[in-house]
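Remarks on the structure that follows.
What follows draws every value from the coordinates through simple rules; no lab data is involved. This one's a predicted model, so the numbers in the text were calculated from it and none came from an experiment. As a convention, Cβ positions derive from the backbone with ideal geometry for all residues, glycine included, and neighbour counts pool all protein chains shown.
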């Protein structure tokens, strides 16, 4: 797969998945769900106050008459009920609706009713440029503020697992830093070198890892050669792992707003994938994210 159209088609072939939306009175989410349902890969389950959900649907001219609605009085209650629904097997994919991300994450991380696996959660963005023939993955732009070395192992593995779901059998991972050499005064470069070495020893499954690499050396073979980097992986990265949330978030949004890339993203590392879309995301991007979730379940 190398286009979002193919992702949508593969999601359809995988069969309907139950999308459970926490605080579902969100017009763009409802519109994306309607398109996903029409495409054949979504069965919506809406959690929240019925009258608010129905009003949001009317504003977008979305017919939800046949959709399941689970009543919840507050956003926090909607988050708990949506997570509980997925945890007990009545839903397949969790979707953030019109509520703060912190409310949903608090429910996901609950030890009693949550979806934790022991691995940290991380967001993986998937980007497609008009002039490229493949996807690029960016992580973690949403959840891990300043990950340490052990957390970075999970972040990398989460992204690799998603790449596998999209048919990339042995993705190349670039651990991004400001420079491509190890400098003890820049801890991210030390982590990058350790991740690269430990990946060779099996700490990260199903991928080849190189780092530290600056962004140009990660995605351009010519730039890597110009700087004398003698790695066969440099310049060929599929997955770009940023050192912290600031760097990842800036890269993520630059690709959308400056490079005009098509984009989707989901959270990996839980017992079920979940869509944590921004309120500024388009209906199309949310649809693509839902299709990613359908393939990652």
**OP:** Starting with the fewest neighbours, write out 63, 140, 103 ranked by other beta-carbon atoms found within 10 Å of each beta-carbon.
**Re:** 63, 103, 140
Original post:
How high is the relative contact order of segment 77-236, in percent, counting Cα pairs under 8 Å that sit 6 or more residues apart?
Top reply: 14
Original post:
Taking the alpha carbon gyration tensor of the chain, what are the square roots of 5 times its eigenvalues, largest first, to the nearest whole Å?
Top reply: 35, 20, 16
Original post:
Once you treat every alpha carbon in segment 124-257 as an equal point and sum by Debye, what is log10 I(q)/I(0) at q = 0.19 Å⁻¹?
Top reply: -1.08
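Kirkwood Rh over Cα pairs of segment 4-117 into Stokes-Einstein at 25 °C, 0.890 mPa s: D in µm²/s?
D = 174 µm²/s.
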Subject >> Selected from 161, 238, 216 as most flexible by GNM, with the chain as the system and alpha-carbon contacts under 10 Å >> reply: 216
Original post:
When the chain is modelled as a GNM with alpha-carbon springs shorter than 10 Å, which of 74, 28, 139 fluctuates the most?
Top reply: 74
Subject >> Cα-Cα separations in segment 95-156 greater than 17 Å, expressed as whole percent >> reply: 55
Subject >> Stokes-Einstein D in µm²/s, Kirkwood radius over Cα pairs - segment 137-211 at 4 °C with 1.567 mPa s viscosity >> reply: 103
